[in-house]
Amino acid sequence: MPVPFIGRGCKLLLEISEVQGQGSPRTALFPFGIGNRRGAVFFSGSFIHLRFNRFTFPSTSHISFIVSLPIYNSAASFGEKNVDRLKNITVRRSELASPASSPEKMAKAAASEADEVVFDLEDGCAPSQKIAARATLIHALQTLDFKGKIRAFRVNSIQTKFFYRDLIEVVEAAGANVDAVLLPKVDDAADVLLADRLLNQIEQNIDLEPGRIRLEVVIETPKAVLHAEQIAAASPRVSGLIFGVLDYSSAMGARGRLRDQYSYYHYPREKVLAAARAAGVDAIDSVTLQIHDSEKCEHDARISAEMGFDGKWAIHPDQAAIINRVFTPSREELVRAREVLELYDKADVAGGTGVFVYNNEMIDAASLHIERKKLAIAARMGLI
């Protein structure tokens with residue numbers, strides 16, 4: 001039978017015949033040859049092992065070495081129910097911001113590895129360019145090939161004179177090509193409701209699907225941090241919270257450099273995370289300001305991932321590639337995710353229980369979201 005499995009950067013398909021009689025296919029040996037190497041294939045748990053034989057002198061002795069790779073079952077064998085669940089999970093490992101006043105930078109963002117691109121009418125545009133940038137943004141949304149990315153734009157703050165025209169002009173002209181609107185410098189739930197209701201009216205006016213355009217809220221003021229729970233739950237449109245460290249540190253009167261931002265701003269990050277999780281929306285961490293310091297970007301991204309964030313903000317295409325790599329689950333993590341979800345379903349069907357033990361660890365429904373998220377990332381990358 002065909003057994004698909006992958007390693008990092010490779011995809012193999014071995015034709016394995018059914019094993020007759022006693023013994024499981026997962027423990028039986030199958031001979032194979034690669035070039036002048038001879039060996040055997042055998043299975044154990046969720047891993048496929050390639051045992052190579054290397055003969056030495058005298059000819060009666062030999063050395064064996066084993067290469068082990070986890071098996072990733074195809075979507076069909078993984079189960080239609082689990083695959084369907086993955087389709088409803090949004091993958092936002094990286095959100096790449098680009099000034100809406102620059103057609104060149106928007107084109108580079110659309111061609112980047114980012115999961116989401118954010119064309120920026122706010123801080124990314126000089127005050128003198130904000131109105132003209134709307135037309136540039138509309139043209140980009142209508143003409144660029146985003147290759148399946150989430151398409152978003154950031155309006156100016158609700159407290160400015162630019163906000164309502166940003167939203168109306170862009171969505172009326174290019175709303176069919178907009179997946180999300182980012183709201184900056186929000187203070188409370190009322191600000192979110194204002195944007196939500198204005199979007200409702202625009203959608204009705206131009207016959208867009210009601211509620212399809214989502215809202216992502218940037219938590220970057222002291223009031224927003226204190227009201228994060230209410231903001232996250234303010235509207236069904238809210239799909240994510242983003243921590244904005246630069247404006248937050250400025251609002252707090254911070255005088256230090258932001259290179260060590262994780263040492264100073266743990267509380268607002270945890271508040272954003274808790275609010276997002278309570279509301280069932282994504283949590284995106286702030287930017288690494290050192291654009292050309294790849295080690296710093298990777299360091300920050302790893303802390304974000306370990307804290308529980310779904311992704312991280314980027315301001316350069318190179319950062320997006322680094323962030324994606326950090327937030328992509330390892331092969332071992334994907335094996336665990338698949339097995340946990342399959343065992344959970346089996347425990348429900350076989351014993352009517354929602355709790356079971358996996359590798360000496362208690363698993364219940366609370367563990368499932370993160371495992372599905374890992375597999376959703378894998379699905380986006382074509383691994384399952």
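The values are calculated or read from the model by the stated rules, or taken from the named source; none is laboratory data. What you see is a predicted model, and the numbers here were worked out from it, not measured in a lab. Cβ atoms come from the backbone with ideal geometry, glycine included; neighbour counts cover every protein chain shown.
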Which pairs do you get when a residue that is in a loop (DSSP other than H, G, I, E, B), found in segment 227-245, comes within reach of a residue that is charged (D, E, K, R), reach meaning Cβ atoms under 6 angstrom, with the pair 6+ apart or on two chains?
His227/Asp188; Ser235/Asp196; Arg237/Asp196; Arg237/Arg214; Gly244/Glu220
If you take the residues of segment 313-334 that are among the β-branched types (Val, Ile, Thr) and touching a strand residue (DSSP E or B) at 6+ places or on another chain (Cβ under 7 Å), which of them is surrounded by the most Cβ atoms within 10 Å (Cβ to Cβ)?
Ile323
Which residue is farthest from Ala109 (Cα to Cα), if the candidates are limited to segment 310-339 and must be outside any helix (DSSP H, G or I) and touching a Lys or Arg at 6+ places or on another chain (Cβ under 8 Å)?
Pro329
Could you go through segment 251-271 and let me know if any residue there is closer than 23 Å to Ala190 by Cα, at pLDDT below 95 and in contact with a His (Cβ under 9 Å, 6 or more places away or on another chain).
no
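Filter segment 340-360 for residues that are crowded, with 17+ Cβ neighbours inside 10 Å and either at pLDDT 90 or above or in a helix (DSSP H, G or I) (or both) and give the result.
Val340, Leu341, Tyr344, Ala347, listed by residue number.
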Can you pull out every residue in segment 201-220 that is of a type in the set (Asp, Glu), part of a loop (DSSP other than H, G, I, E, B) and under 17 Å from Asp120 (Cα atoms)?
Glu220
Tell me, please, whether a residue that is closer than 21 Å to His369 by Cβ, charged (D, E, K, R) and in a strand (DSSP E or B) can be found in segment 269-278.
no
If you take the residues of segment 104-119 that are touching a residue at least 60 places away in the same chain (Cβ under 8 Å) and charged (D, E, K, R), which of them is surrounded by the fewest Cβ atoms within 10 Å (Cβ to Cβ)?
Lys108
Asp196 vs. criteria of a type in the set (D, E, K, R), over 20 Å from the mean Cα position of the chain (by Cα) and at pLDDT 95 or above
yes
Where the second residue is among the β-branched types (Val, Ile, Thr) and not in a loop (DSSP other than H, G, I, E, B) and the first is crowded, with 19+ Cβ neighbours inside 10 Å and lies in segment 129-145, which pairs have Cβ atoms under 8 Å and are six or more apart or on separate chains?
Arg134/Val170; Leu137/Val170; Ile138/Val170; Leu141/Val170
Number of positions in segment 279-309 that are surrounded by fewer than 16 Cβ atoms within 10 Å (Cβ to Cβ), over 17 Å from the mean Cα position of the chain (by Cα), outside any loop (DSSP other than H, G, I, E, B) and aliphatic (A, V, I, L, M):
0
Report the residue count in segment 174-191 for those that are within 21 Å of Asp115 (Cα to Cα) and in a loop (DSSP other than H, G, I, E, B).
3
Neighbours by Cβ (under 6 Å, 6+ apart or cross-chain): first from segment 318-336, within 11 Å of Ser294 (Cα to Cα); second of a type in the set (Gly, Ala, Ser):
Ala320/Ser94; Ala320/Ser112; Ala320/Ala114; Ala320/Ala314; Ile322/Ser294; Ile323/Ser94; Ile323/Ala301; Ile323/Ala314
Listed residues Asn177, Asn205; which is more than 24 Å from the chain's Cα centre (by Cα) and of a type in the set (S, T, N, Q)?
Asn205
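Suppose we filter segment 124-147 for residues that are under 24 Å from the mean Cα position of the chain (by Cα) and either within 25 Å of Asp310 (Cβ to Cβ) or not in a helix (DSSP H, G or I) (or both); how many remain?
Residues that pass the stated criteria total 6.
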Please list, ordered by first then second residue, the pairs with beta carbon atoms under 6 Å, 6 or more apart or interchain, first in segment 250-272 and surrounded by 16 or more Cβ atoms within 10 Å (Cβ to Cβ), second polar (S, T, N, Q).
Ala251/Thr221
Which of the residues spanning segment 148-173 are in contact with a helix residue (DSSP H, G or I) (Cβ under 9 Å, 6 or more places away or on another chain), closer than 19 Å to Ser239 by Cβ and either part of a loop (DSSP other than H, G, I, E, B) or not charged (D, E, K, R) (or both)?
Gly148, Lys149, Phe153, Val155, Ile158, Leu167, Val170, Val171
